[in-house]
Amino acid sequence: MKTFLLTVFVLVVLALHHDLWNWTNKSLVLGFIPVGLAYHIGYAFLASFTMAVLVRYAWPHDLERETMDLTAHHTDEDPRG
């Protein structure tokens with residue numbers, strides 16, 4: 001279920017990247033930022049949040065443990081041979 005929800009979340013974020021409704025909007029946010037740029041500033045924050053969620057809940061911890069085990073194995077060896 002977790003994988004399904006994360007997949008749907010990523011697909012929604014990807015779909016939001018295509019902001020077709022802002023192409024003809026000539027209004028300004030805060031008086032100087034075009035609305036399309038403001039949208040993409042917000043989207044950048046959403047993309048960062050998405051990556052943080054993916055790292056927190058979908059990171060392959062098994063691969064990380066294998067790497068740590070290999071690193072520990074190599075540091076236990078005598079460097080002189």
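A few points about this structure:
- Summed over the range 49-69, the residues that are modelled with pLDDT of 85 or more, surrounded by 10 or more Cβ atoms within 10 Å (Cβ to Cβ) and out of contact with any helix residue (DSSP H, G or I) (no Cβ under 8 Å at 6 or more places or on another chain) give a count of 3.
- Leading residue by the ranking (nearest to the chain's Cα centre (by Cα)) among those in the range 16-58 that are among the β-branched types (Val, Ile, Thr) and not in a loop (DSSP other than H, G, I, E, B): THR50
The values are calculated or read from the model by the stated rules, or taken from the named source; none is laboratory data. Everything numeric in this text was worked out from a predicted model, so none of it was measured. Virtual Cβ from ideal backbone geometry, glycine too; neighbours counted across all protein chains shown.
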